[in-house]
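The values are calculated or read from the model by the stated rules, or taken from the named source; none is laboratory data. Quick caveat, the model's predicted, so the values are computed rather than measured. Cβ: placed from backbone, ideal geometry, glycine included. Neighbour counts: every protein chain shown.
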Amino acid sequence: MNNFSEKEILKMLSEHPKLLDILKITSDLDLPDSWIGAGTIRNCVWDAAISNKYHLSGDIDLIFYDRKNLTENYEKRLTNHLNSKSKGEKWSVKNQARMHVRNGHRPYLNSIHALSYWTETATSVAARLAPTGRFQLAAPYTLDDLLCCVARPTRYYNGSQIFRRRIHNKGWKARWPILKIQTICLKKPDCSWRYTL
C-alpha cells in the first residue's frame, strides 16, 4: 500500500491525462460552478494506493450549480450529449441547485456546499479547471480520509444505514482490502478548503 502525501496526490491528479481531458470537456461546457467529483476522484486515489496505478473509473460525476435552469430535463440533455461523445465513460450530470429537494436537505448555497452533504468524506472531493485554467481541488472535509483509505460518513450520515449499505453494495472492502471503516464523523465541513496548482 502507498501512503501518499497531500502534495503527491494533488500532483498525480493534476497531471493525470484522462482526468485533464475530462476537466477540459467540463470546462468547455461553461456550466456555472462545475466540478468533477465523487467516485471519479476517490476511486482513482484509492486504486493508486493499492496498485500504484491510478486510472479513472468509467463513471464520471459532473456537478454544477445553476439556479436559472432547474429542470431535470436539462441535466438529461447534458448527460446524453456527453455520453454520445464518450470514449467509454458513463457521465452523470446533476445541478446541485435542485438536488437538496431530492435529498431532503435545506437549499445548497453552491456546488461545494452540496458536496459537503454527500455520504462519505472521501467521496466529498471534487476537481475542476478554475477559470484561470489552473487545476483546482475542493474537499470540505480535507483530504485526510482520501489519503488514508478511510470510509467515513459525513456528519449528515453519522449512524446511517445508507452509509453502511453503500459500502456493502458497492463492494468496497473487496476492491480495497486496506479500507478502514469509521462510522462517525466529528468534523465540520469547511467549504472554503481549496487547493490550486
Report, ordered by the first and then the second residue, all pairs with beta carbons closer than 7 Å, sequence separation of six or more or different chains, a first member in segment 103-130 that is more than 17 Å from Ile162 (Cβ to Cβ), and a second member that is acidic (Asp, Glu) and assigned to a loop (DSSP other than H, G, I, E, B). Asn110/Asp33; Ser111/Asp33
Across segment 121-136, what is the number of residues that are of a type in the set (Val, Ile, Thr) and over 8 Å from the mean Cα position of the chain (by Cα)? 2
For Thr183, only one of the following conditions fails: (1) of a type in the set (S, T, N, Q); (2) touching a strand residue (DSSP E or B) at 6+ places or on another chain (Cβ under 8 Å); (3) within 21 Å of Asp61 (Cβ to Cβ). What is its number? (3)
Checking the condition under 22 Å from Arg134 (Cβ atoms) and of a type outside the set (Val, Ile, Thr), which residue from Leu78, Leu20, Leu70 passes? Leu20
Taking Asp47 as the residue in question, decide whether it is charged (D, E, K, R) and farther than 16 Å from Met12 by Cβ. no
Pairs with Cβ under 7 Å, 6+ apart, first in segment 137-164 and touching a residue at least 24 places away in the same chain (Cβ under 8 Å) and over 20 Å from Ile63 (Cα atoms), second crowded, with 23+ Cβ neighbours inside 10 Å and among the hydroxyl-bearing types (Ser, Thr, Tyr): Asp145/Thr121; Arg152/Thr121
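Residue by residue, here is whether (1) of a type in the set (Ser, Thr, Tyr); (2) closer than 25 Å to Tyr108 by Cβ; (3) under 14 Å from the mean Cα position of the chain (by Cα) holds:
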residue: Lys7; (1), (2), (3): no, no, no
residue: Asp21; (1), (2), (3): no, no, no
residue: Ala49; (1), (2), (3): no, no, no
residue: Phe64; (1), (2), (3): no, yes, yes
residue: Glu72; (1), (2), (3): no, yes, no
residue: Gly88; (1), (2), (3): no, no, no
Subset of segment 79-100 (residues that are polar (S, T, N, Q), in a strand (DSSP E or B) and surrounded by fewer than 19 Cβ atoms within 10 Å (Cβ to Cβ)): Ser92
Collect the residues in segment 22-78 that are part of a loop (DSSP other than H, G, I, E, B), of a type in the set (Gly, Ala, Ser) and within 14 Å of Ala127 (Cα to Cα), keeping them in residue-number order. Ser34, Ala38
Can you name every residue in segment 67-81 that is at pLDDT below 95 and aliphatic (A, V, I, L, M)? Leu70
List the residue pairs whose Cβ atoms are under 7 Å apart, where the first residue sits in segment 72-90 and is within 22 Å of Leu19 (Cα to Cα), the second is among the small types (Gly, Ala, Ser) and buried (at least 16 other Cβ atoms within 10 Å of the Cβ), and the two are 6 or more positions apart or on different chains. Thr79/Ser92
